[in-house]
Amino acid sequence: MEERQHMKDVLKLYVDYRKDELYSLSRDLWNRPELSGNETHAHDRLVSFFSQDQTWTVESHYKLPTAFRALWGPVGGGEGMPGLNVGFLCEYDALPGIGHACGHNLIAEVGAAAAVALKAALESQTELPVPVKITVLGTPSEEEAGGKIDLMEAGAFADIDLVFMAHPAQQDASFLPCVALHEVSVKYHGKASHASAYPWEGVNALDAAVLAYNNLSALRQQLKPEWRLHGIIKHGGMKPNIIPAYTELEFYIRTPLVEDLLDLKAKAEACFRAAATATGCKVEIVYPTPAYYNILPNATLTNLYENNGKALGIQFPEQPANFSGSTDFGNVSFIVPGIHPFFYIGTNAFNHTEEYTEAAGAEKAQLFTLRTAKALAMTAVDVVCCPALLRQVREDFRLAKLKLQK
């Protein structure tokens, strides 16, 4: 226990020592916001951050054009013993028009800070119960395409035993479940005609889009309170005097649990097809990206994080009854035990607003961001130093997956 506390003290001092450099990293990403899949500057900046310490093995463009991997270790443990690979994730994509309004620059900072802090803690010890290595993954395209899912399918998480990241929010929370999400694109194909001279010759794709939108609005009356359907008409026609031959809608379908998605998707698809039938249009229903899963809880990691957070002065108010955000970390939580806490950054503004963009780049956010990084690294220290805790983490993971199968 004494050694564990010493490691925690070391990592806290190390984060403080590098705080200016970490803020510079975060601010640089904030100043150059990049959309999903185009995070070339963020990729290069983070690769440079880890490459400056030659004890890290850094792979740029790892499996995806703007993903990276940084490896360190293994250290400690007896020869031939099974090792423990601790993973930290960095997100860094921004939003169209409003930049880092979800604070992904801070997510990248937290992941980088926690990783180098854990490394410093491990280097302070001459003996460890098991060999330990650290993996940092840069995971692009969270906002649009589910970069973590692509990395999963490419085998990037195959040898990682634990995974940690944290997301900015309006308050500190050791766990919020997030919800499952599937994006759907609906395309109606009709027939163009002069809207005044020959309307009877046309098949109006805009009518189909409007009917579909209204069908979904009516459907919401019978949905469960936690289910969500929301979207836009992306393309509604070219000119008022041309009956639209093509329209397109984009909707998000969300449910608390991934197994409920099929039910809500079936209801939504019935609305889309009914609009096509009513107007004589043809319809395409396309799911352009993989579904995002809800986050599996891990009680042991959550409790450890909360205890470490409280020791650093983090307060955890009562959690909201419902939370409707979504993340591709949910998919990761189904294959690797992990945690995805949320952290306050000094503002009551809501994510995805211009006010939150400003807060994510402000120096005021650094106290909260680096405190969160310390709590994550301290939680990793607990598991590294105590094989019984590691066994409990893995048992929590097994039971959570088993519960889903019932």
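Would you check which residues across region 375-401 are within 22 Å of the chain's Cα centre (by Cα), within 21 Å of His6 (Cβ to Cβ) and open to solvent by 30 Å² or more (accessible area, probe 1.4 Å) and list them?
Once the filter is applied, which keeps residues that are within 22 Å of the chain's Cα centre (by Cα), within 21 Å of His6 (Cβ to Cβ) and open to solvent by 30 Å² or more (accessible area, probe 1.4 Å), region 375-401 yields nothing.
With respect to Glu34, is the statement that it is farther than 28 Å from Leu304 by Cβ and assigned to a strand (DSSP E or B) true?
So Glu34 fails the test.
Could you list, in sequence order, all residues of region 227-283 that are over 23 Å from Leu176 (Cα atoms), open to solvent by 20 Å² or more (accessible area, probe 1.4 Å), touching a Gly at 6+ places or on another chain (Cβ under 8 Å) and among the hydrophobic types (A, V, I, L, M, F, W, C)?
Ala245
Looking at region 1-35, which of the residues that are under 19 Å from the mean Cα position of the chain (by Cα) and surrounded by 21 or more Cβ atoms within 10 Å (Cβ to Cβ) is farthest from Leu122 (Cα to Cα)?
To start, the set of residues in region 1-35 that are under 19 Å from the mean Cα position of the chain (by Cα) comprises 26, 29-30, 33-35.
If we keep only those that are surrounded by 21 or more Cβ atoms within 10 Å (Cβ to Cβ) as well, we get 26, 29-30, 33.
Numbers: Ser26: 25, Leu29: 28, Trp30: 31, Pro33: 34 Å.
It comes out as Pro33.
Looking at Ala112, Ala145 in this structure, which one is touching a residue at least 24 places away in the same chain (Cβ under 8 Å) and open to solvent by less than 10 Å² (accessible area, probe 1.4 Å)?
Criteria check complete, one pass: Ala112.
Does Gly87 count as open to solvent by 10 Å² or more (accessible area, probe 1.4 Å), closer than 21 Å to Arg69 by Cβ and either modelled with pLDDT of 95 or more or assigned to a strand (DSSP E or B) (or both)?
no
Criterion first (aliphatic (A, V, I, L, M), open to solvent by 20 Å² or more (accessible area, probe 1.4 Å) and assigned to a loop (DSSP other than H, G, I, E, B)) does Ala218 satisfy it?
No, not satisfied.
Collect the residues in region 119-132 that are within 21 Å of Arg18 (Cα to Cα) and either open to solvent by less than 30 Å² (accessible area, probe 1.4 Å) or not in a helix (DSSP H, G or I) (or both), keeping them in residue-number order.
Lys119, Ala120, Ala121, Leu122, Ser124, Gln125
I need the full set of residues from region 353-370 which are open to solvent by less than 40 Å² (accessible area, probe 1.4 Å), over 20 Å from the mean Cα position of the chain (by Cα) and touching a residue at least 40 places away in the same chain (Cβ under 8 Å), in order please.
Gln366
Right, Leu25: assigned to a helix (DSSP H, G or I) and more than 22 Å from Asp159 (Cα to Cα) or not?
Considered against the rule, which asks whether it is assigned to a helix (DSSP H, G or I) and more than 22 Å from Asp159 (Cα to Cα), Leu25 comes out as yes.
Any idea which of Asp159, Asp207 is assigned to a loop (DSSP other than H, G, I, E, B) and open to solvent by 30 Å² or more (accessible area, probe 1.4 Å)? Don't jump to the end; show me each part of the working.
Numbers: Asp207 fails: assigned to a loop (DSSP other than H, G, I, E, B).
After ruling out the rest, the residue left standing is Asp159.
Limited to region 303-326, what total is found for residues that are closer than 18 Å to Val163 by Cβ, of a type in the set (S, T, N, Q) and open to solvent by 20 Å² or more (accessible area, probe 1.4 Å)?
2
The values are calculated or read from the model by the stated rules, or taken from the named source; none is laboratory data. Small disclaimer: the values here were computed from a predicted structure and weren't measured. Virtual Cβ from ideal backbone geometry, glycine too; neighbours counted across all protein chains shown. Ligands, DNA and RNA are stripped out before the accessible areas are found, and what is left, the full protein with its side chains, is counted by its heavy atoms. Shrake-Rupley method; radii C 1.70, N 1.55, O 1.52, S 1.80 Å.
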